[in-house]
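Have a look at the structure below before the remarks.
The numbers here are math on the coordinates, done by the rules we state, and not lab data. Bear in mind that the values here come from a model prediction, so they are computed numbers and not experimental data. Don't worry about glycine lacking a Cβ; one is built from the backbone with ideal geometry, like all the others, and counts go over all protein chains shown.
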Amino acid sequence: MAQDALAELIGKLIDQPAERIVVGNGAAELIKIVSGHISGKLIVPVPSFNEYANAAPSGQVVEFPLEFPSFQLDVDKFAAEAIRVKADVAVVVTPNNPTSMLVPKLDLIRLAKKLETHDCMLIVDESFLDFAENPDQISLEQEIAVSVGLGSVIC
């Protein structure tokens, strides 16, 4: 299996176990799988990279408006809305596209812990992380392995 071999190699490069890695033909393929086949109800902040909402079946997306003019995600309000609408998948793109706003790592960890108790998987899309300063200090990649309660986070 080519995917297994690739996952093993990638895991060695990024210091993650291969079983935590899904190999796809670009992010768009993985987004379609998550949005169209895994999630029943998906919640996404807006404005944001809308491929998740576009790939989800009609009527299964809840848009969470970011507050103008800061466009900063209030993770407590986002979690409350995800729980209220019974979302099973929540997506956060950080840094966000098109706003370029980052969600602080500690806020993402708090969000993950809140959602986990309500069976809501958090997807943290770090596709645009290369455009941020000090990406290794921002990314949740290494936190997944060491933090209890982050089993429901996908980066």
Against the longest principal axis of the chain, how steep is helix 105-116, in degrees 0 to 90 to the nearest 10, with axes from Cα atoms? 80 degrees
Would you calculate the separation in nanometres between label points at ASN134 and LYS12, each defined as 7 Å from the Cα along the Cα-to-beta-carbon direction? 3.2 nm
MRE, 222 nm, helices only [DSSP H, n ≥ 4, -39500 (n - 2.57), over the chain, to nearest 500]: -9500 deg cm²/dmol
If I model a spin label at ALA80 and ASN54 as a point 7 Å from the Cα along the Cα→Cβ vector, what separation in nanometres do I get? 3.2 nm
Excluding residues fewer than 8 positions from LYS86 in its own chain, the aspartates and glutamates with Cα under 19 Å of it are GLU63, ASP74, ASP76, GLU116, ASP119
Report the per residue volume, in Å³, of the convex hull enclosing the C-alpha atoms of the chain. 112 Å³
